[in-house]
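Working notes, structure below.
Just so it is clear, none of the values below were taken in a lab; they were calculated from the coordinates. Just so we're clear, the structure is a prediction, and the values are computed from it rather than from any experiment. Glycine also receives a Cβ, built like all others from the backbone with ideal geometry; neighbour counts cover every protein chain displayed.
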Amino acid sequence: MLTTLPLTPAPALPFTLAPTRPSSPAQEWSSAFDLWLASHPSPNTRRAYRKAWDLFFAFTSKSPWQISKSDVARWIEYQRAQHLSPETIQQRLAALSSFYTYVTQIYTSLTPDGREQPLHFFNPVKAVPRPRTSPYNKARYLNVDQARAFLHAIPRYTLQGMRDYALFLTYLATGRRNSEIRTLRYGDIESCPERSEGSLPSSLVLSECEGTRKGVWSEGRIWFRWNGKGRQRRDELPQSVWNAILA
């Protein structure tokens, strides 16, 4: 014969359980927006993308789930009328398109029966023709003689001059962006040691030291790690730059 176990009331929780999902469309989209923005590691990208959305909302006065392709097309024409450059318009459209890609492919919501589905079903930016841009069409650069004259003008007999020479030589020799060089640290530079030393560089540089042929070790080559487009990359550092850094 089965006996009934006495049931005691469960103790009260010392905190209030928050809902695991937003309870309204506005909260759902706000949560998606925050997660999408946080997924971009670069503060500059987050700042630019947030500004683009603020401007777009001010223009349309609509919620993001109400946006149509015609809204995007009208915003493009409005910006052209403001004499904004194609590059600026393109950057702002990239911010919009990136978010709609996020809510159509990554972020999901729950249906009443508990199934997951994309928060949105189309990207209104994708089908709208974007302004044509030419990368670096307004860029100004030094030719070889100008670059040499510029470096020669830096007084390398002072500590500040030695620093400036190494810094600008790095810019000219690597072609990397200002933020990518400015955030470099000494520990980001590695060389391929002698095999007999027994010490190996980081895994990011190890494959370069091993070379393209098995058994070949590129002793003495120098590499630097830099952060770009949200991930760490590596490039070879010219010996002249390394000498200037060590000076």
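Efficiency by 1/(1 + (r/R0)^6): what FRET value for S61 and S31, r their Cβ-Cβ distance, R0 = 30 Å, to the nearest 0.05?
Numbers: r = 22 Å, r/R0 = 0.72.
The computed FRET efficiency comes out at 0.85.
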Sorted on mean Cβ neighbours within 10 Å (highest first), peptides 124-130, 24-30 come out as 124-130, 24-30
Out of I106, L96, P86 - ranked by how far each Cα lies towards the positive end of the dipole of segment 25-118, with unit charges on the beta-carbon of charged residues - the top one is P86
Averaging 1/r across every pair of distinct alpha carbons in segment 25-118 and inverting yields a Kirkwood hydrodynamic radius, in angstrom, of 14.3
Place a point 7 Å from the Cα of N227 in the direction of its beta carbon; the residues of segment 142-186 whose amide N falls under 13 Å from it are 179-185
In nm, the gap between the two label points placed 7 Å beyond Cα toward Cβ at R115 and S134 is 5.1
